[in-house]
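Have a look at the structure below before the remarks.
The values are calculated or read from the model by the stated rules, or taken from the named source; none is laboratory data. All values derive from a computational prediction rather than experimental measurement. So basically every Cβ, Gly included, is an ideal-geometry build from the backbone, and we count neighbours across all protein chains shown.
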Amino acid sequence: MKVSLFITCIVDSVFLNVGISMTRILQACGCEVSFPPQQTCCGQPAFNSGYTDEARDVGKTLLEAFQESDVVVSPSGSCVGMIHHYYPQLFADDPHLHQAAIDLANKTYEFSQFMVQKLQMTDLGARFPHRVTYHPSCHGSRLLGVKDEPMQLLRGVREIELVDLPYATDCCGFGGTFAAKMGEISSAIVEEKAANVADTLAEVLVGTDMGCLMNIGGRLRRTNRPIRVMHLTELLLEGMQLGRGVKA
Amino acid sequence: MSTTHGSTNVHDRAQHALADDFLRQAVHFTTDRLRYKKQAVTGEFGNWEAWRERGRQIRQHTIANLDYYLDLFTRNLEAHGAHVHFAATADDAIHALREIATAQNAKRIVKSKSMVTEEIHVNHHLEEMGIHVVETDLGEYIVQLSGETPSHIIIPAIHKNREQIRDLFEAAGGERLTTETRDLAAFARRTLRRAYLAADIGITGCNFGIAETGSIALFTNEGNADLVMNMPKTHIVFMGMERILPTMEDLEVFAHLLPKSATGQNVITYMSVITGPRRQHEADGARDMHVIILDNGRSRQLGDPDFQAVLHCIRCGACLNVCPVYRQIGGHAYGSVYPGPIGAVLSPLLNNGEQYQDLPYASSLCGACYEACPVKIPLHDMLVRERQRFVASGRVKPAERAAFQAFRQLFGKAGRYQTTIRIARRLQFPIAHDGYIRAKIGPLAGWTMSRDFPVLPKRTFRELWPELTRKGNGRG
C-alpha cells in the first residue's frame, strides 16, 4: 500500500524519533512510504485561538501536499482530528479547496487507527518486557473516536505489563496555546496527571500525541520522576526490534 | 460580580483558587463522587447514548420552535389562573418582582434553588427593599450565610467542607454543633421550617415548563421547593425563556437525563409538577402564582447557527464535574454566575460587553464537557467560535494577532517553515541546557514555570528523510 506521511510540525521539528519509528513500522508492514515536502502544520494553533484565516493558509500546505496521495498516516490524533472535523468547514467558502478538504479527511488516518482499521494488524511480533501505562489523548479518543486501537496494538506486545492509569481520560492540561496562555491552570492539571502516572509505578508512559506527551514528560522531568515517555510508534518499533517478529 | 477577590480576570482569580488547597480538595472530592455515580448509574440504565440523542432531539426541536411553545405554555398557564410576566432584561424581571412584592406587602420570602435568580441578583434587590430572604436549598443556604455566590450549578457549596459549614451554622444559630451530617441537617431543618411558616412569598426556579399543560416541573433532593411553593400564599416562578419542553412525555426523558447527569442519581428524590395556583376544591398550594419568564440575552442566540444550541442546556452541571479546569479552580474563579464550560460559553453570550471575554480561553478544549453533556451541546466547538468572534471583531491583544500573522507567513510555505526552524535552532542555543529549556522567557514562561521544554534537535525529520529512504525498507 502506498502511504504518505503527515508528520506534523511537532514531530518534524522536535520528536524526529517518532517519525523514524512510524516510517520503519509502516515499511516493515509492507507499505511504500512517501513524505510530501510541501506540508508544514495542520494550522490548529491558529484555528483553536480563533484565527481562521491564518489557519486556512497554513492548512492549505496539507491540501497541496497530499493531493495525489492514496492514504495519509499521521502520528497524532489531534492533528488528524483537526483535518476530519474542521477542515471541511474551514475551507467551505472555496468549492475547489472544500472538495480537497473532504478528500483529505476521507483518506487521513491516525497511526493506530491505520494499523488496526486499514491494515488490520494488531500483532507486530513485538516484545517489550516493561511496566507500561497509557494516556489516551483527548482529541484522538474523544473527537476522532480512536479509543481502543492503541490498546489493541499494546495488547499485541509480548511480555508487556500494562497498568491502568488512574483518571486516564482526564486531560493532561496541554491544550496547545492554553498551556502557555493559562500557564498556572495548565500546570496544576499536568501535575495531577504526572502524579497519577507516577502512582502506577510504570517505567514507561506511552501515548499517541506528542503535544500531550511533551507536556506530561516535561512535568515528569522537572519533578525528577524518572519515567520514560514514548510515543506508541517508538514503543512498538523498539519492541519489534527486540522481538524480531514482523521484520523491522 | 462574584464575591470572590473582585479580580477582573480569570487568570488572577484562578491564582487565588489554585493557592486554596481546601477549595481544591473539596472540589476534587465531590466531582469525583458525582462522576463515578453518574458512570455507574448510566451504565446500569443502559443505552445512554440513545437517551442523549433523544434528549438532544427534543431540545433542538423545542428551541427551534420556541416562539410556538412559549406561546402555548403561556396560554395554558393563564388558563389555569397564573400570571405571566415576560422580562426582556434583568431590570424588567426585577421590576415585575418588586411590583408583586409591594402589592403583597411582603416582608419575608423563602426561596428554593434557582440559577436564574442568581443571574439577576434577586436576593440583593429584595434585601434593598428591606425584605428578609432565606434560601432553603441546603447548599444555597450555606452560601447565603457565608455571603458568597454558588460555585457550582447543582452543588452551590461544593467549595465548602463540613468544618466550614459547622462554623457558619454556629454563627447563624448561636448554638454549638458537631460536624456530623445529621447534626448540621437538623439545624438547617429547624431554622428553615420557621422561615417557611413565616414567609409571605415563595420563590422557585423552574427545571422545565411543560407547554401542552402549562405546568412547572421542579426537581429537588430536599423537598424544599414543595414547601416553598405551597406554604406561602404567593408563589413566584423565575425561569429562563428556553426552559420549555413540549409535552409530559418529553419530561419523562428528562426525568432520566437530568438527575443521572447531574448527581448520578437514578431518579430525583422529589419531582413536583404543578399546574396553576390553588383551585377552590384544593387544600394546598399558593393562592397566587406568578411566572416571570426571562430573556436577558437568550433570544439573541436564536437563529445564530453557532450558538443557538447553547439554549438546549438543562443546567445539570455534568460539564463542570468532568472539566479539568473547573477541577483545579472551582466555580468562583470564573467570576460569572454560570461557571465551568457552560459558563465559559454562556456568560460572554448573555453579556455583550468585554466582562467575560477571557472565559472562553479558560479551556484546554479537551471535549470532556461535550462527552458529558446529556443533550450533546458541542461546548468545545462553541468556545473556539467565541474566540473566532473576538478575533473578527478586533477584541484581541495586538501581540497575539501579530504572532498568528507571523505563523501564517512562516508556516504557510514549507521553505519558510524550514528556515524558521533553522533560525529558532540557533536562537535557542543560549537558553538550552542538557537538551531542555527551563528559562521563563516570553511566551514560553507559562510553560517553563512548571515544565521542561525540549530543544529543537540538529535536524528536522524532513532533513533526515533522504537518509531514511536511501536505507530503504526493512531496517530499524
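Find the helices (runs of 4 or more DSSP H) located wholly in the stretch B:360-463 whose residues include 3 or more that are at pLDDT below 95, and list them.
Where helices (runs of 4 or more DSSP H) fall fully within the stretch B:360-463 and carry at least 3 residues being at pLDDT below 95, they are B:414-427.
Among what's in the stretch B:421-457 and is more than 9 Å from every other protein chain (Cβ to nearest Cβ) and of a type in the set (Val, Ile, Thr), pick the residue that is nearest to residue A:59 (Cα to Cα).
B:423
I need a count of the residues in the stretch A:1-27 that are basic (Lys, Arg) and either at the interface with chain B (Cβ under 8 Å from one of its Cβ atoms) or closer than 24 Å to residue B:411 by Cα (or both).
Matching residues across the stretch A:1-27 total 1.
Restricting attention to the stretch B:318-358, which residues are away from chain A (no Cβ under 11 Å), of a type in the set (A, V, I, L, M) and crowded, with 24+ Cβ neighbours inside 10 Å?
B:318, B:320, B:342, B:344, B:345, B:346
Out of curiosity, is residue A:122 surrounded by 16 or more Cβ atoms within 10 Å (Cβ to Cβ), more than 14 Å from chain B (Cβ to nearest Cβ) and assigned to a loop (DSSP other than H, G, I, E, B)? Walk me through it before giving the result.
Numbers: surrounded by 16 or more Cβ atoms within 10 Å (Cβ to Cβ): yes; more than 14 Å from chain B (Cβ to nearest Cβ): yes; assigned to a loop (DSSP other than H, G, I, E, B): yes.
Judged against the criteria, residue A:122 is a match.
Do you know which residues across the stretch B:280-290 are touching a residue at least 60 places away in the same chain (Cβ under 8 Å) and either β-branched (Val, Ile, Thr) or not in a strand (DSSP E or B) (or both)?
B:286
Which residue, of B:96, B:40, B:79, B:101, is closer than 19 Å to residue B:245 by Cα and either among the hydrophobic types (A, V, I, L, M, F, W, C) or not assigned by TED's automatic domain parsing to the domain that holds residue B:157 (or both)?
Answer to the check: B:79.
Would you mind telling me which numbered condition in (1) farther than 20 Å from residue A:175 by Cβ; (2) touching a residue at least 40 places away in the same chain (Cβ under 8 Å); (3) surrounded by fewer than 24 Cβ atoms within 10 Å (Cβ to Cβ) residue A:236 fails?
The single condition residue A:236 does not satisfy is (3).
Filtering the stretch B:363-375 down to residues that are facing chain A (nearest Cβ under 9 Å) and touching a Pro at 6+ places or on another chain (Cβ under 9 Å), which residue is nearest to residue B:309 (Cα to Cα)?
Selected residue: B:370.
Do you know which residues across the stretch A:28-53 are at the interface with another protein chain (Cβ under 7 Å from one of its Cβ atoms), more than 18 Å from the chain's Cα centre (by Cα) and without any contact (Cβ under 8 Å) to a residue 40 or more places away in the chain?
Those that are at the interface with another protein chain (Cβ under 7 Å from one of its Cβ atoms), more than 18 Å from the chain's Cα centre (by Cα) and without any contact (Cβ under 8 Å) to a residue 40 or more places away in the chain: A:37, A:38, A:46, A:50, A:51, A:52.
List the number of the failed condition for residue A:73; all other conditions in (1) at the interface with another protein chain (Cβ under 7 Å from one of its Cβ atoms); (2) touching a residue at least 24 places away in the same chain (Cβ under 8 Å) hold.
Of everything listed in (1) at the interface with another protein chain (Cβ under 7 Å from one of its Cβ atoms); (2) touching a residue at least 24 places away in the same chain (Cβ under 8 Å), residue A:73 misses just condition (1).
Can you list residue pairs whose Cβ atoms sit under 9 Å apart, with the first residue in the stretch B:380-406 being more than 9 Å from chain A (Cβ to nearest Cβ) and the second being among the basic types (Lys, Arg)? Count only pairs 6 or more apart in sequence or on different chains.
B:394/B:401; B:395/B:389
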